[in-house]
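The values are calculated or read from the model by the stated rules, or taken from the named source; none is laboratory data. Bear in mind the structure is a predicted one, so any value in this text is a computation, not a measurement. Ideal geometry is used to build each Cβ from the backbone, glycine not excepted, and the neighbour counts take in all protein chains shown.
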Ligand code: FAD
């Protein structure tokens, strides 16, 4: 058996979440004393493909061409399944991103494989079965699922596994798959706003604001702190509903789920629907003037205070640091 990693690209580049998934797949390959192959789809140049070997990929299957330039769920799932068949892969790893979440079950069907999406840790292996810790109920809880099928598909949540450089070189092989017209019948597009700011789903630090900030005119403090920390900005649902911030920043059950190393919540009450999207953050810091705010129950650090006094002091402290 071998392990296959789908190396998803964004505009021809690999994000950190891909290198995390490669490192995760490498660890599974090492546990099973086997090799790791990456499959890349779309037009990714040789320099970018070579990066994959830094994290332990032994071989890259490169699928290029105009037909597969844009992400199409069914067609990409067919290509990845064919790559897994070619390599005799018993484990297929993806990033638990917008496209990864759509691909995992489709690949599962094509390979008759058990699927664990939302994985947050390496599987515990006993015999041929994998126990995988994963998020459940929109991030409100963790569950352990047991995959007993011969082939397993695992989608790893960004920021839940460390990038590990191993070095090495990987041969790059052009890989061609005959896709069917039916593979292109439906296309789900992710519309990503082009910005020079840190992308929210991949961010290691997120500074998030809620209704406690009173209005859009006060977001300068959030943006300034985020810039100083190299963080992405986010908000609660009522804030984006009111048009204070774009909907692309709304986190929670009905918005984006994030799992940064540090989530700073300012003037957010901590309703269950908000926590659903942020509770797998490693460290949560809450700034709220109400000591009874529910967010404090899940916070690692809490500051009871007025955001309009605390944030300027925090910004000054970070600048001096
Ligand atoms: P509020 O609840 O109004 O809280 C504001 C907080 O700011 C309070 O805790 C207050 O003490 C504090 N505050 C006020 N002034 C200051 C100050 N000067 N300094 C410091 N603190 C201050 N919400 C989401 O966020 N994401 C979702 O995905 C989402 N999905 C939902 C889905 C459904 C089906 C439903 C019914 C609701 C959903 N909601 C979601 C809404 C959710 O229930 C809450 O209403 C929302 O999260 C509250 O937003 P908030 O904390 O910004 O505002």
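Take residue 131 and tell me if it is modelled with pLDDT of 95 or more and over 30 Å from residue 271 (Cβ atoms). Show your work before the answer.
Working: modelled with pLDDT of 95 or more: yes; over 30 Å from residue 271 (Cβ atoms): yes.
Yes; evaluated as a whole, the condition is true for this residue.
Among the residues of region 304-321, count how many are touching a helix residue (DSSP H, G or I) at 6+ places or on another chain (Cβ under 7 Å) and within 9 Å of the ligand (Cβ to nearest atom).
The qualifying residues number 2.
Find the residue count for region 291-303, including only residues that are within 12 Å of the ligand (Cβ to nearest atom), in a loop (DSSP other than H, G, I, E, B), touching a residue at least 12 places away in the same chain (Cβ under 8 Å) and surrounded by fewer than 18 Cβ atoms within 10 Å (Cβ to Cβ).
1
Pull out all pairs, ordered by first then second residue, where Cβ-Cβ is under 6 Å, the residues are six or more apart or on different chains, the first lies in region 198-218 and is touching a residue at least 24 places away in the same chain (Cβ under 8 Å), and the second is part of a helix (DSSP H, G or I) and near the ligand (Cβ under 8 Å from one of its atoms).
From region 198-218, the pairs are 211/238; 212/307.
Under the condition of being surrounded by fewer than 18 Cβ atoms within 10 Å (Cβ to Cβ), at pLDDT 80 or above and closer than 16 Å to residue 260 by Cβ, which residue from region 185-225 is nearest to the ligand (Cβ to nearest atom)?
Across region 185-225, the extreme among qualifying residues is 199.
What residue, among those in region 226-276 that are more than 9 Å from the ligand (Cβ to nearest atom), part of a helix (DSSP H, G or I) and touching a strand residue (DSSP E or B) at 6+ places or on another chain (Cβ under 6 Å), is farthest from residue 315 (Cα to Cα)?
Applying the filter and picking the extreme gives 249.
Could you list all residues from region 132-144 that are assigned to a loop (DSSP other than H, G, I, E, B) and surrounded by 17 or more Cβ atoms within 10 Å (Cβ to Cβ)?
138, 139
Taking strands (runs of 3 or more DSSP E) that fall entirely within region 52-131, which contain at least 2 residues that are crowded, with 21+ Cβ neighbours inside 10 Å?
Values: elements: 59-63, 89-95, 114-119, 124-126.
Ranges flagged: 59-63, 89-95, 114-119.
Within region 76-103, track down each residue that is farther than 18 Å from residue 36 by Cα and either out of contact with any helix residue (DSSP H, G or I) (no Cβ under 6 Å at 6 or more places or on another chain) or modelled with pLDDT of 95 or more (or both).
Keep residues of region 76-103 that are farther than 18 Å from residue 36 by Cα, which gives 76-78, 96-103.
Result: 76, 77, 78, 96, 97, 98, 99, 100, 101, 103.
Considering only residues of region 277-290 that are surrounded by fewer than 21 Cβ atoms within 10 Å (Cβ to Cβ), modelled with pLDDT of 95 or more and more than 6 Å from the ligand (Cβ to nearest atom), which is farthest from the chain's Cα centre (by Cα)?
285
Could you list, in sequence order, the residues of region 58-89 that are closer than 22 Å to residue 24 by Cβ and under 20 Å from the mean Cα position of the chain (by Cα)?
Scanning region 58-89 gives 71, 76, 77, 80.
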